[in-house]
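What follows draws every value from the coordinates through simple rules; no lab data is involved. Keep in mind it's a predicted model, so treat the numbers as computed, not measured. No Cβ is skipped: glycine too gets one built from the backbone with ideal geometry, and neighbour counts run over all protein chains shown.
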Amino acid sequence: MKIGYRTFKTAVGAALAIAIAQLIGLHNFASAGIIVILCVQVTKKRSLETARARFMACVVAIGFAALFFTVFGYHPWTIGLLLLLFIPVTVRLKINEGIATSSVIILHLYAAKEITWGLIANELLLVAVGIGVALIVNMYMPSAEKQLKEYQRIVEDLFRIILKEIVRYLRTNELDWDGKELPLAAEMLEKAKKLAMRHADNQLWRNEDEYVRYFRMRERQLEIIEHMLPLVTSLVYTVEQRMMVADFIDELSDAIHPGNTADRFLRRLAGMREQFQAMPLPTTREQFEERAALFQLVREFEQYLLIKSEFHPGNESNERRLEKSVI
């Protein structure tokens, strides 16, 4: 049985909150532990949002409880009526995550059969202790940097394999590739995006969404690759331009490593297009169709490269870190 870091933090936080609440003499001190359990979330930003919603909901709940119990008395049906109106209000205020916590406060006030300033202060302190401890223990989040870089390496290796298979077909007309790298790349990108978004939500004072943007960029490139594959397999005749495109893609696939930019390959594409235009016109229908398909393939690769060239990390250090591939 494996105990995760979130479980460990929740257990430690709950115990600590109960101990603090008991130490300062709060009534219903065990509820501080419940609040910690509800507030520990998977990211720092999520914890802050949850803490805000729960505290505001508790303040609203105390106001509702004071009004309803004073007007209608301490009866079970009073609680039902209170919740009937209280829950829609929290939803309208977008603090409905605090319904569970505030319901505990409402029940405390109901059990006390009175509402005093001392009791209100007690409940607010319970909430403050629970939320405060939850935020403190949630300040530690294990770094996802290593895993994100590994996802990046895997995705780039898969892209390289796919491009190499395109090159092989263009040079040999052999079509025995099973294409397993395509769904595998899509799966890796989906996992990487989720991890990248969680990583971004754990950066409270910095805008660290470069990995999110990076994997979204790769996802768009994968869509281009999937779109161009039927075009590649439609090529059946060997013409001079076909070998030129194959050589270009081969060099492109080898360039998936640190230190490159997409700009030089875009310039290469422009130069290759000019070479195509300077070559003699096709003399047969088959040659014409082949060259037209190759022109379309070049345009697809241009879009592929433009997607990469539009990716700009937020600062220079992150750019050096994330610029792991050219295309």
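Observations, loosely collected:
- Candidate lysines for bridging to LYS44, where Cα separation is under 27 Å - those fewer than 8 sequence places away on the same chain excluded: LYS2, LYS9, LYS94, LYS146, LYS149, LYS191, LYS193, LYS194
- Lys/Arg +1, Asp/Glu -1 at C-beta; the chain dipole; positive extreme among ALA32, TYR110, ILE249: TYR110
- In plain terms, the chain is cut at each of the GluC sites (Glu not before Pro) found in a DSSP loop with at most 11 other Cβ atoms within 10 Å, and the longest leftover piece is 175-309.
- Screening the chain for whole DSSP H helices with an alpha carbon extent of at least 24 angstrom along the helix axis and a mean Kyte-Doolittle hydropathy of at least 1.6 yields 76-92, 117-137.
- Unit charges on C-beta of K, R, D, E only; dipole of the chain, Debye: 1240 debye
- Restriction of the trypsin sites (Lys or Arg not before Pro) in region 1-40 to DSSP coil positions whose beta-carbon has at most 11 other beta-carbons within 10 angstrom yields LYS2.
- Prolate/oblate/rounded call for region 91-194, Cα gyration tensor, a/c under 1.5 rounded: prolate
- Calculated mean residue ellipticity, 222 nm, the chain: -25500 deg cm²/dmol, from DSSP H runs (n ≥ 4) at -39500 (n - 2.57) each, averaged per residue and rounded to 500.
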